[in-house]
Amino acid sequence: MPDSPDPHVAARVESCASRLRDASPTEVLAAAHAEHGAAAAIAFSGAEDVALIALAHDAGLAFRVFMLDTGRLHPETYRLIEQVRTRYGVTIEAVLPDADAVAGLVRRRGLFSFYEDGHAECCGIRKVAPLRRFLAGVPAWITGQRRDQSPDTRAEVPVVQIDAANAEPGQVLWKWNPLVAWPSWKVWAYLRGADVPVNELHHRGFVSIGCEPCTRATLPGQHEREGRWWWELPAHKECGLHAPKP
Ligand code: ADX
Ligand code: SF4
């Protein structure tokens, strides 16, 4: 069970969340920097959340940047990550899954077990466990979550929150979501206007981008989340990075 957060920290986070309710993504990034300095870490998936890195760069705010390298990302995603590294001069930390855990999964269940009984086991090994290992060493992480990404699971996401689900016992972990109030079109208006490099898959009908076997292009009129884990129910379309611990 996660610890209950210290009431003083909880009050502080809540007051930040209400003060920043209508703040721009840059103002939220600045607040995260004021709170934690460069020790806070941007979680970069290699999709349109590249906006976080570009906005922080434009504002002169330095953060750590990490990507969860599941081993199943598209080549286009790896190419974008490299382009971003050189364009913005940031160090990108690759966070890898435990090799024995991956080998065990493949030995027991093969490489595509998620199509048979859901993505929880594979995401648990390739994404969630490595994320928690990484987050044990930082005071805060910064995500590209947006409310419009998933009406079923993200409609209520705040600008900043305490992440009890991913914290170690006794750890106070902040989670900042600077893009939360931006709809997709605003993110894209910024990316185009600032000439930010984007994942080539976006030019081929992909909107939301995760791992290659679990992501597909969407048709006009389909919600972006329909391109992820399409064989599962909408309420299950979270890999566990952003879901509370049961
Ligand atoms: S997921 O939970 O369904 O996979 P999604 O793809 O919507 O997440 O991305 C939301 C945010 O989660 C991203 O902007 C990023 O901050 C974080 N995230 C997702 N996948 C990764 C990844 N592979 N590496 C780092 N951060 C990630
Ligand atoms: Fe595995 Fe798919 Fe989850 Fe990637 S998104 S970790 S391939 S189940």
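Worth a mention:
- Residue count for the range 187-246 under the criterion of being under 22 Å from Val95 (Cα atoms), surrounded by fewer than 18 Cβ atoms within 10 Å (Cβ to Cβ), within 16 Å of ligand 2 (Cβ to nearest atom) and among the charged types (D, E, K, R): the result is 1.
- Restricting the range 79-103 to residues that are within 14 Å of ligand 2 (Cβ to nearest atom) and assigned to a helix (DSSP H, G or I) leaves a set whose member that is surrounded by the fewest Cβ atoms within 10 Å (Cβ to Cβ) is Ala101.
- So Val50, is it within 12 Å of ligand 1 (Cβ to nearest atom) and more than 19 Å from Cys214 (Cα to Cα): yes
- When Val157 is tested against (1) among the β-branched types (Val, Ile, Thr); (2) at pLDDT below 95; (3) in contact with a Leu (Cβ under 6 Å, 6 or more places away or on another chain), exactly one condition is not met: (3).
- Some residue of the range 194-211 being part of a loop (DSSP other than H, G, I, E, B) and under 24 Å from Ala31 (Cα atoms): yes
- Filter pass, Asp58 being closer than 24 Å to Ile92 by Cβ, surrounded by fewer than 18 Cβ atoms within 10 Å (Cβ to Cβ), touching a residue at least 60 places away in the same chain (Cβ under 8 Å) and among the charged types (D, E, K, R): yes
- Scan the range 5-60 for residues that are within 16 Å of ligand 2 (Cβ to nearest atom) and on the phi > 0 side of the Ramachandran plot and the total you get is 1.
- Residues in the range 166-186 that are of a type in the set (A, V, I, L, M, F, W, C), over 23 Å from Gly46 (Cβ atoms) and either surrounded by fewer than 20 Cβ atoms within 10 Å (Cβ to Cβ) or within 12 Å of ligand 1 (Cβ to nearest atom) (or both): 1 in all.
- Among residues of the range 61-74, those that are over 30 Å from Leu111 (Cα atoms) and either basic (Lys, Arg) or within 16 Å of ligand 2 (Cβ to nearest atom) (or both), counted: 1
The values are calculated or read from the model by the stated rules, or taken from the named source; none is laboratory data. The structure displayed is predicted, hence computed values, not measured ones. Positions of Cβ are generated from backbone atoms using ideal geometry, with glycine treated the same way; all protein chains shown enter the neighbour counts.
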